[in-house]
Every structure is written in structure tokens, then in C-alpha cells.
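The next block holds one structure in the form of C-alpha cells; read it before the comments.
The values are calculated or read from the model by the stated rules, or taken from the named source; none is laboratory data. Not measured: the values here are computed from a predicted model. Neighbour counts are summed over all protein chains in view; Cβ atoms, including those assigned to glycine, are modelled from backbone coordinates with ideal geometry. All accessible areas refer to the heavy atoms of the entire protein, side chains included, with ligands and DNA or RNA removed. Shrake-Rupley method; radii C 1.70, N 1.55, O 1.52, S 1.80 Å.
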Amino acid sequence: MLGVRLLLIGAPGAGKGTQATRIADHFHVAHISSGDLLRAHVINNTAIGRTAQDYMERGDLVPDEVVLDMLRKPVTEAVAAGGYVLDGFPRTVEQAEAAYAVAKDLGVAVQVAVHLAVDPASLLERLVARGQESGRSDDTPEIIKHRIDVYEQRTKPLLDYYAERERLITVNGERPIDEVTWSVIVQLQKAQRLLAD
Ligand code: AMP
């Protein structure tokens, strides 16, 4: 399977980062996490990082132009090297439309969106536990609740957006990590036609 171009959609705490890493390894393509890249910009105190920091600390979305600008180079490089698994982007229908406008003429638009479905009730628990381990400043109960609201309002409409375009697969993200990874790979294999373009 050559040149897979995927993205993962899931609520905060659904396991996007973990699964994106594993799926990217499986297909030998780059894992591109908008959240990880933004956190690196904040640590390195770049112009992007200085703009993004306040939004991230509040659990709000960083403005589209900042994220699109930041991703242009890594995505272009990943495409040249064979493909990508995007994690955390797009976060809104507007971002998906903007990315598609750029990517379609180059033939590098997303082939499949993978939805990691997790019961909302288990998210808060997962994230509070992660916050204690990772020390991520946006993993406190208040901010987590806000990030889950932002997901419900801004990101969830993406599920319809990709379903309408017949590019959505959904996996149950509640199971053990290995099972979730395999279920994504098996479903992608069944959806070969999506990976043909
Ligand atoms: P994540 O690691 O994906 O949970 O992202 C952490 C934070 O980075 C989010 O709460 C947002 O503030 C910001 N962020 C990550 N990806 C995006 C994106 N595609 N658009 C806007 N903000 C983003």
C-alpha cells in the first residue's frame, strides 16, 4: 500500500496520538501532530508559539491561519516522502475546506478520516490521569472540560463532513491499544478503493 494519507478524529483523550504513531509506523509514513508541533513552537518561543500559547492554555483553538501556515512545510515534506497520518488537524470544517483547497490540485488530499469513537464519560477520567503523568498544562479538569466542549461544537461536525464524502471509517476506541490499531488497519484494507487515489 503506497502513499497513504490519513487523518484521525477523536475527542481529547480518545487516544489519537498513540494510534496515529502506531498507524504511521505500520504504513511507514510521517506522523504529524498539530498539537505536538504547536507545543514545540511554544517551547522554542517562535512567533507561532507566542501567538498560540494563550489559546492553548485556555483550551481554545489556535487561529486557522497560524495552524495552516505551520503545517504547510511538514505536510509537503511528508507527501514527498510517501504520505502522512495527521493527528489533531483539521479541527474544524473550515480547516478541512482550507486544506482541501490547497491539496486537491496537488493530488495530496486526505484519503480517509479515521474516527476513534470513545464514550464521552471515560474521557475526563483518561485525561485527568494523563495530566498527572505528563504535566501538560492543559490537562487540568477545568480546561479538559472546555476542550471536550470545543470538540463537541467545532470538531464533531467533521464526522458528517467526511461521511458525506464517503471518506469516514469509525473504530471503537474503547478497546486495548493493539486491538484499536489492528481494527484501523483491517478497516483500511477493506476500504482499499479509498486508498487508490
Ligand atoms: P492536541 O495535542 O491535539 O490536544 O492539541 C492541543 C492544543 O493545541 C489544542 O487544545 C489547541 O489549542 C491547539 N491545536 C492543536 N491542533 C489544532 C488545530 N488543528 N487547530 C487549532 N488549534 C489546534
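Assorted remarks:
- Peptides 107-113, 69-75, 189-195 ranked from most to least packed, by the mean per-residue count of other Cβ atoms within 10 Å: 107-113, 69-75, 189-195.
- Accessible-area composition of region 58-171, carbon plus sulfur, in percent [1.4 Å probe]: 52 percent
- For region 43-128, the extents of the C-alpha atoms along the principal axes are 41, 34, 24 Å, listed from largest to smallest.
- Pairwise FRET efficiency - R50 versus I177, Cβ, R0 = 30 Å, nearest 0.05: 0.30
- Extreme residue, positive dipole direction of the chain, given options L168, A47, S34 (C-beta unit charges): L168
- Only lysine pairs 8 or more places apart, or on different chains, with alpha-carbon atoms under 24 angstrom apart are counted in the chain, and they number 8.
- Taking each DSSP H run with n ≥ 4 as -39500 (n - 2.57) and averaging over every residue of the chain yields -17500 deg cm²/dmol at 222 nm.
- Nitroxide proxy distance, nm - points 7 Å out along Cα→Cβ at E77 and D36: 1.3 nm
- Residues in the chain average 51 Å² of solvent-accessible surface per residue, probe 1.4 Å, ligands and nucleic acids excluded.
- Between V93 and S122, the FRET efficiency estimated from the beta carbon spacing at R0 = 25 angstrom works out to 0.45.
- Taking the Cα centre of the chain as reference, the dipole from Cβ charges on Lys and Arg (+1) and Asp and Glu (-1) amounts to some 360 debye.
- For region 5-189, the spread of Cα positions along the three principal axes, ordered from largest to smallest, is 40, 39, 28 Å.
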